[in-house]
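Please read the structure below before turning to the comments.
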Amino acid sequence: MQPVYIYDAIRSARTRAKPEGGLHDLRPHDLLKGLYQHLEQRNGLDPVLVGDVLLGCVTQHGEQAGNIAKTSTLYAGWPSAIGGLTVNRFCSSSVDAISIAALKIAAGQEQAVVAGGVEMMSRVPMLADRAAAFVDPVFATQCHMLMMGSGADLIATLCGLSREQVDAVALQSQQRAARARHEGFFTSIVPLDNPVKEITVTADECIRAEVTADSLAALPPAFAGLGAQGADALQLAGYPQLGQIEHVHTAGNSPAMADAAALLLLGDEALGQRVDAAPRARIVDAATASDDPLQVLSGCVAATRKLMARQGLSVDDLDLFELHEAFAATAIKCQLDLGIPNDKLNVNGGVIALGHPMGATGAIMAGTLLDELQRRGLRRGIVAASGAAGAGSALLLELV
């Protein structure tokens, strides 16, 4: 198996998943076309060199249906010989797209692969595909499939977390993200034009710098209704030691829905002689894992632990962690279970503040990690994301 390198990592800004959002007027294919063009121009990349494109996308419905990884390259005018694969492992989809792409290069099947993800949640809303495993209550119960907020509330209950503790995570995320945006730390963002609104989108929109502890505390619980409809009963049957589920998550300490896409150019060492770019980082290893589906979102911890154990690494051996802030309680669980100090975890905020375009989030976090490692002169970090049903995926990245 040969080494796999990341030559570039770019993304759109994360914009509000609403009609007034900066990217809303673009179709997913238009958004990706802009990123493909930036990838070409920045790296002197001849698309003929690309053997495959792998994209994470969760809601593969409407404009995002029909294998968007393949159709978007055709729409962008890339050679028809390029393959395309759209990946869905829920919210860790683009982490897995990167992992599968890396395997193809490591095995010598391809010299260059583009991997990433896309989710335009203002145009293709979450659950627009009406998957029975989510929207049919009886069938969902048989599959042990619960909505993400219910899993987050169970995690908070199991960890004994108070409303004040989870709100503190949200406030920190907003403050860190606002500072990073102000200081220009998100250097993987490339400008994209929206001709309908006649604007060029260059900055993340979901950050709420004005949030305070008091404003967060005033928000009502968001998932108590789901609990009353049967989620609490299912979870309490699995955890009989609990007297009740504490519903501590609100709109303020939950991920913000967003529109965005991200792409990484992966290749072998020889690719550096055929493009105008040098390798930025190496993909050292990847791991997937699944945990208790009743907790829904604990797979991030399981995948990170599996990856660290296989590599014989401790937290001290790693400089930074970009872990999916899928609700505040999951971020705390990551810290508690893995022993990650606060100054190594999501140092520029997480998806509570920045937004969570589901199929693109993992690829965005990979670029954020590389940017921050380089900015700080550090070397090695882990990107990991949780998906529904306890799924989780992780990547170990090391700067060249």
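With the condition kept exactly as written, say whether any residue in the stretch 289-304 is more than 18 Å from LEU336 (Cα to Cα) and in a strand (DSSP E or B).
yes
For the list (1) on the phi < 0 side of the Ramachandran plot; (2) among the hydrophobic types (A, V, I, L, M, F, W, C); (3) over 14 Å from the mean Cα position of the chain (by Cα), I need the number of the one condition that VAL296 fails.
The single condition VAL296 does not satisfy is (1).
One line per residue, one yes/no per condition, for (1) touching a strand residue (DSSP E or B) at 6+ places or on another chain (Cβ under 6 Å); (2) closer than 23 Å to SER93 by Cβ; (3) in a loop (DSSP other than H, G, I, E, B); (4) at pLDDT below 95:
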site	(1), (2), (3), (4)
THR200	yes, no, no, no
ALA203	no, no, yes, no
LEU216	no, no, no, no
ALA222	no, no, yes, no
GLN229	no, no, no, yes
GLN241	no, no, yes, no
ASP276	no, no, yes, no
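If you take the residues in the stretch 139-165 that are assigned to a helix (DSSP H, G or I) and surrounded by fewer than 16 Cβ atoms within 10 Å (Cβ to Cβ), which one is modelled with the lowest pLDDT?
Result: THR141.
Among the residues in the stretch 56-71, are any hydroxyl-bearing (Ser, Thr, Tyr), within 17 Å of ALA260 (Cα to Cα) and assigned to a strand (DSSP E or B)? First the steps, then the outcome.
Step one: filter the stretch 56-71 for residues hydroxyl-bearing (Ser, Thr, Tyr), giving 59, 71.
Subset that is within 17 Å of ALA260 (Cα to Cα): 59.
Restricting the remaining residues to those that are assigned to a strand (DSSP E or B) gives none.
Scanning the stretch 56-71, I find no residue that is hydroxyl-bearing (Ser, Thr, Tyr), within 17 Å of ALA260 (Cα to Cα) and assigned to a strand (DSSP E or B), so the answer is no.
Which residue pairs have Cβ atoms closer than 6 Å, lie 6 or more positions apart in sequence or on different chains, and pair a first residue in the stretch 84-106 that is closer than 19 Å to ALA281 by Cβ and at pLDDT 95 or above with a second residue that is surrounded by fewer than 24 Cβ atoms within 10 Å (Cβ to Cβ) and acidic (Asp, Glu)?
LYS104/GLU110; ILE105/ASP268
For the subset of the stretch 84-103 comprising residues that are of a type outside the set (Gly, Ala, Ser) and assigned to a strand (DSSP E or B), which member is farthest from the chain's Cα centre (by Cα)?
Top of the filtered list is LEU85.
Does any residue of the stretch 136-152 turn out to be over 30 Å from LEU370 (Cα atoms), of a type in the set (A, V, I, L, M) and touching a Ser or Thr at 6+ places or on another chain (Cβ under 8 Å)?
no
Quick one: is MET308 touching a Leu at 6+ places or on another chain (Cβ under 9 Å), farther than 30 Å from ALA133 by Cα, modelled with pLDDT of 95 or more and not in a loop (DSSP other than H, G, I, E, B)?
Taking the combined requirement at face value, the residue satisfies it.
Residue-wise test of (1) more than 22 Å from PRO357 (Cα to Cα); (2) in a loop (DSSP other than H, G, I, E, B).
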residue	(1), (2)
GLY77	yes, yes
SER80	yes, yes
ILE105	yes, no
ALA133	no, no
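Considering only the stretch 314-323, I want to know if a residue exists there that is touching a helix residue (DSSP H, G or I) at 6+ places or on another chain (Cβ under 9 Å) and without any contact (Cβ under 8 Å) to a residue 24 or more places away in the chain.
Yes, the stretch 314-323 contains at least one residue that is touching a helix residue (DSSP H, G or I) at 6+ places or on another chain (Cβ under 9 Å) and without any contact (Cβ under 8 Å) to a residue 24 or more places away in the chain.
Filter the stretch 107-138 for residues that are more than 17 Å from the chain's Cα centre (by Cα) and charged (D, E, K, R); which is surrounded by the fewest Cβ atoms within 10 Å (Cβ to Cβ)?
Out of the qualifying residues, it is ARG130.
Filter the stretch 1-28 down to the residues that are under 26 Å from LEU271 (Cβ atoms) and not in a strand (DSSP E or B) and list them by number.
Quick first cut of the stretch 1-28, residues under 26 Å from LEU271 (Cβ atoms) only: 1-12.
Scanning the stretch 1-28 gives MET1, GLN2, PRO3, VAL4, SER12.
The values are calculated or read from the model by the stated rules, or taken from the named source; none is laboratory data. These numbers were taken from a predicted model, which means no experiment stands behind them. Heads up, the Cβs are rebuilt from the backbone with ideal geometry, glycines too, and the neighbour counts pull from every protein chain shown.
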